[in-house]
Amino acid sequence: MMLKALRRSVCLAVVLCALTTTPLFVNMVEARKEDAAVKYMRRAANALIDAQRKGSAGAFARVIKTYGHVPAISLYALGDFRSGLPRSRRGSYYNGVTRFIGRYAANEAPKYPVSRVVFARAGIRDGRSILIDSRVILKSGTTYDVRWMLVPNRGSFKVRDAQVLGFWVSPFLQTLFENYIKDNGGRVGDLVTVLNRMR
């Protein structure tokens, strides 16, 4: 059940971003008024649209690696087991997490046909984070409010988390990973291995 919940939450967050940047939701005058964080989200979404057209897990994973704060997301997901990940295996672990999210985004994308989306023109500053609100309208008429968490990174931004249906995605990922590690004798290396075996 937890794996299914994680898949749905992670994929809905990624897929909604991937499918929602269409010319329908903002005109050029509005775009000029957007702040830098919103513009960053728009670029990320455009890149995800291209990945969605290609339809492969690899295409999604490349965009996640470029626009997501993969180290922060990945280390948070280890929870109490973070100290069990040697620095020498961090690169392999980050790659595995990226592939994990990319794979399920590619598998789930066709289930969420989007009609249009509206992005807020300005982000909300919350300490170090910038929150970007969006409303996604599916072709079925169903709507989702999605809040994106960005953090400053080397003069730009990275996506740190997404809130869908009132729930942040990162805690679901953390629960899944912690449970897997507990079920495998507390060995973080087993998680790294299985993430990188996924096709």
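The values are calculated or read from the model by the stated rules, or taken from the named source; none is laboratory data. Since we're looking at a predicted model, the values are computed, not measured. Methodologically, a virtual Cβ is constructed for each residue, glycine included, from the backbone with ideal geometry; neighbour enumeration extends over all protein chains shown. SASA here: full protein model, heavy atoms, side chains in, ligands and nucleic acids out. Shrake-Rupley method; radii C 1.70, N 1.55, O 1.52, S 1.80 Å.
Could you sort 85-93, 47-55, 156-164 so that the peptide with the highest average Cβ count within 10 Å comes first and the rest follow in order? Let's see the in-between values first.
Details: 85-93: 13.3, 47-55: 17.3, 156-164: 20.7.
The most tightly packed comes first, giving 156-164, 47-55, 85-93.
Normalise the Debye intensity by I(0) for the stretch 116-199, one equal point scatterer per Cα, no solvent, then take log10 at q = 0.14, 0.22, 0.24, 0.26 Å⁻¹ and round to two decimals.
Each listed q corresponds, in turn, to -0.70, -1.00, -1.06, -1.15.
Give me the accessible area per residue for the stretch 128-182, probe 1.4 Å, as a whole number in Å².
That works out to 49 Å² per residue.
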